[in-house]
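Structure first, then comments.
Each reported figure results from applying straightforward, stated rules to the coordinates on display, with no laboratory input. These figures come from a predicted structure and were not determined experimentally. In this analysis, Cβ positions are derived from the backbone assuming ideal geometry, glycine residues included, and neighbour counts consider all displayed protein chains.
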Protein chains: 2
Amino acid sequence: MTFDPASLQFNEAGLIPVIAQDAQTYEVLMLAWMSAESITRTLESGKVTYWSRSRQAFWVKGETSGNVQKLVEMRVDCDRDCLLVLVEQSGPACHTGRRNCFYTAIQGGEEVELMRPMV
Amino acid sequence: MTFDPASLQFNEAGLIPVIAQDAQTYEVLMLAWMSAESITRTLESGKVTYWSRSRQAFWVKGETSGNVQKLVEMRVDCDRDCLLVLVEQSGPACHTGRRNCFYTAIQGGEEVELMRPMV
């Protein structure tokens, strides 16, 4: 079946959550959002392109920082209301300079930092 | 720092997206949602407990199917608006009987099924 982004379930803002996972290590890097047009741009360009909710604009990941995400494969979930993108991540995925955004663990009720920013 | 679920950024419905990942294989299993109370129940019980948006009720994953998710570790992202739970998954995570929900890939513009339901 030909994939049509319009067949997905978007939220009231016209967005769908997207999990980015490192295609090599399977590390979960981040979660961001895409519009239908973001999805089309991502598939056509091979550059993962989110929709920035704060800037209300397309967000070609790494366009300014150089920390691009090259699309390896896009997957759709059973309910068609979430996407998974397998990517080749250049440098840190997180704006804090860390490899991924999930660097804070809850251990015994305390927040524990798992990872420092990359140099 | 002591973790307080109230310190997270919930959406207008009082929910936060949660990525479930297999703690052993790093496979991304599913995405679902938690309320602040779901988070507290998950941490206290060790049983991953979402908020079902369709049923508007707590959803102890696997409570009826037996396909429970035992919490290994909960992590918070940099913006505090997404959670990652590392879990021990019993059986399939997906309601279709598949190991994970992301069994449909987009390849060359076509939808391709990557995985069949578990027996």
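General observations
- Counting 0.36 nm for each residue step from A:H95 to A:R116 and taking away their Cα separation leaves a gain of 6.3 nm.
- Helix A:36-45 vs. chain A, principal-axis angle (Cα, 0 to 90°, nearest 10): 80
- For region A:9-43, applying the loop criterion from DSSP together with a ceiling of 11 other beta carbons within 10 Å to the chymotrypsin sites (Phe, Trp or Tyr not before Pro) yields no site.
- At full extension, A:T64 and A:A13 could sit 15.8 nm farther apart than now, given 0.36 nm per residue minus the alpha carbon distance.
- Gain on full stretching of the segment that runs from B:S54 to B:D81 - 0.36 nm per residue minus C-alpha separation: 7.6 nm
- Centre separation in Å (Cα based) which lies between region A:1-60 and region B:64-88: 22
- Cα convex hull of region A:14-91 - mean projected area over all directions, nm²: 5.0
- Choice from B:R75, B:R55, B:R98 with maximal GNM fluctuation in chain B (Cα, 10 Å cutoff): B:R55
- Unit charges at the beta carbon, dipole of chain B: most positive-side option, B:F3, B:Q24, B:A93: B:A93
- Each 5 Å bin, from zero up to the one with the longest distance, holds this percent of the alpha carbon pairs of the protein assembly as shown: 1, 6, 14, 19, 21, 17, 13, 6, 2, 0.
- Helix content alone sets the calculated 222 nm mean residue ellipticity of chain A: runs of n ≥ 4 DSSP H residues at -39500 (n - 2.57) each, divided across all residues, give -2500 deg cm²/dmol.
- Model label points for A:E73 and A:E27, set 7 angstrom from Cα along the Cα-to-Cβ axis, are 2.1 nm apart.
- Among A:S45, A:S65, A:S54, residue whose mean-square fluctuation peaks in a GNM of chain A (springs only between Cα atoms under 10 Å): A:S54
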